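One structure is given below, encoded as structure tokens.
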Amino acid sequence: MAEPQAAGAWTAQIVTLFPEAFPGTLGLSLTGRALADGLWNLRTIPLRPFGIGRHRNVDDTPAGGGAGMVIRPDVMAAALREAAAAVPGLPVVYLSPRGRPLTQAMARRLAQGPGVTLICGRFEGVDQRALDAFDVTEISIGDYVLTGGEIAAQVLIDATVRLIPRVLGNQASLAEESFSVGNRGLLEHPQYTKPAEWEGRAIPDVLLSGNHAAVSQWRGDMAERLTKERRPDLWRAHRDSGVDPAKDRQLSGASDQARDHRAHEKDEPR
């Protein structure tokens with residue numbers, strides 16, 4: 001595609017049957033402004049031109065029988081080779097419901113690298129041989145199935161791009177949000193703004209007290225309370241091991257995510 005590219009900027013390459021889905025919401029607000037300002041690059045690689053035959057078929061029936069269709073390995077390989085030639089050295093990620101859960105830790109590590117090539121699956125998925133040949137990491141955005149990987153790719157890109165320096169107007173806003181290291185990996189405390197009272201509901205007095213130590217204590221207490229109630233898995237990691245949940249290998253799915261930056265490093269055994 002002919003999207004303008006900023007030299008040296010973090011780059012997202014997207015292999016997709018539907019390049020018109022991008023930038024989508026990524027072209028709005030902070031991510032859209034950052035894209036226009038050259039803080040990150042977006043490059044789509046349409047899969048259809050690599051299809052086979054007069055009809056540019058990209059899929060075929062699954063080996064062993066079964067419903068649906070599977071994206072062919074030769075078609076996917078051709079697209080991934082073009083991606084590697086255009087921007088060498090990027091890790092390759094396949095958005096898949098069977099992948100490891102996307103976490104803030106993954107997003108941070110991807111943001112610190114040169115970028116990522118994303119495969120947006122369709123049908124019943126991608127031939128495993130192509131995934132193996134290109135050392136593809138599979139990542140899931142949740143325990144559910146979508147019709148395709150384009151929405152999932154936008155989620156991963158948004159979560160990552162916002163961590164790139166200068167994308168957010170105030171980087172300090174990252175410090176206390178959910179899953180951040182500054183917030184000990186806990187969920188974020190509740191937020192309030194004007195008016196001080198709305199429909200009979202008042203802002204907690206401590207937030208209007210001007211006592212910064214008390215405000216900090218309240219926010220920490222609320223972060224712990226919400227994490228206990230809503231994410232006991234994160235709370236157990238924080239309480240029992242003393243390791244920030246944002247860094248916890250078992251619960252965050254972040255073990256050996258160096259593959260998110262180096263295309264050939266193998267995962268540690270789990």
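The values are calculated or read from the model by the stated rules, or taken from the named source; none is laboratory data. Small disclaimer: the values here were computed from a predicted structure and weren't measured. As a convention, Cβ positions derive from the backbone with ideal geometry for all residues, glycine included, and neighbour counts pool all protein chains shown. Side chains are part of the model used for accessible areas, which takes the heavy atoms of the whole protein and leaves out ligands, DNA and RNA. Shrake-Rupley method; radii C 1.70, N 1.55, O 1.52, S 1.80 Å.
With the radius of gyration and the Kirkwood radius both derived from the Cα set of the range 73-125, what is their ratio Rg to Rh?
That ratio is 0.99, to two decimals.
What would the Debye equation give as log₁₀ I(q)/I(0) for the range 1-60 at q = 0.12, 0.17 Å⁻¹, counting only Cα atoms as equal point scatterers?
So the normalised log intensities work out to -0.36, -0.61.
Sorting check: for 88-98, 112-122, which peptide has the highest mean count of neighbouring beta carbons within 10 Å, and how do the rest follow?
112-122, 88-98
Taking all protein chains together and a probe of 1.4 Å, list W218, W198 from the most accessible to the least accessible.
These residues rank, largest area first, as W198, W218.
Say the dipole of the range 1-107 comes from +1 at the beta carbon of Lys and Arg and -1 at that of Asp and Glu; which of V15, A83, Y94 then lies farthest toward its positive end?
So the residue we want is Y94.
Summarise the accessible area of the range 50-132 (1.4 Å probe, protein heavy atoms) by the percent that is carbon and sulfur.
Numbers: 1980 of 3930 Å².
Roughly 50 percent, rounded to a whole number.
Please give, to one decimal in nm, the separation of the simple spin-label points placed at N211 and A7, each 7 Å out from Cα toward the Cβ.
About 5.7 nm, to one decimal.
For the range 28-115, state what percent of all Cα-Cα pairs lands in each successive 10 Å bin, counting from 0 Å until the bin that includes the largest distance.
13, 31, 35, 18, 3
Would you mind getting the accessible area per residue of the range 1-73, heavy atoms of the protein chains only, 1.4 Å probe, in Å²?
That works out to 52 Å² per residue.
If you project the alpha carbons of the range 32-185 onto the principal axes, what extent comes out on each, in Å, largest first?
53, 32, 23
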